1. Would you mind telling me which numbered condition in (1) within 19 Å of the chain's Cα centre (by Cα); (2) surrounded by 12 or more Cβ atoms within 10 Å (Cβ to Cβ); (3) under 15 Å from residue 72 (Cα atoms) residue 101 fails?
2. Which is surrounded by fewer than 14 Cβ atoms within 10 Å (Cβ to Cβ) and at pLDDT below 95, of 90, 162, 126?
């Protein structure tokens, strides 16, 4: 009696099976392979910036460096004024250091950006920026050294006057001590002024 069953050899093979009876998968046309997990875990290729892109970024960074340096020079000019109070000098020193620290961090971004670059033009630009930064740091260090000397002199002068006024010295002695302190401060300022002239001539070359 026939029950409507097909014998195994009578079952037709699917068109998608291969010669060994293993069914193959046919992806519908125009479908995205990622939807079926094909190549989903493959790492994406990271595109490196072109030399033109890097050069454009270097121009922007260089503008940032120049802006920071100009602001640093504004603080340096304050330090080069002879009749500054101790508080004004201290504030300008702190601000100048802060600005140049920002300058150095910005320069670091140049080194990171161009670390794997082989372009001769870009390497030369980076070298010039680094050399300029080295000259400016040397100049700023010299200015800050003089400013700290001036600050120290002002503080000593102020301390001497305060201690003399609180002591038991008479007015004549106090006047002499005050005059002596002022003379020492004036001499120190004259030395600093001479040194500033030398510094200003150097700053014109930066």
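1. (2)
2. After applying the criteria, what remains is 162.
The values are calculated or read from the model by the stated rules, or taken from the named source; none is laboratory data. Note that the structure is predicted; figures quoted are calculated from it, not measured. Quick reminder, even Gly has a Cβ in these numbers, built from the backbone with ideal geometry, and neighbours come from all protein chains shown.
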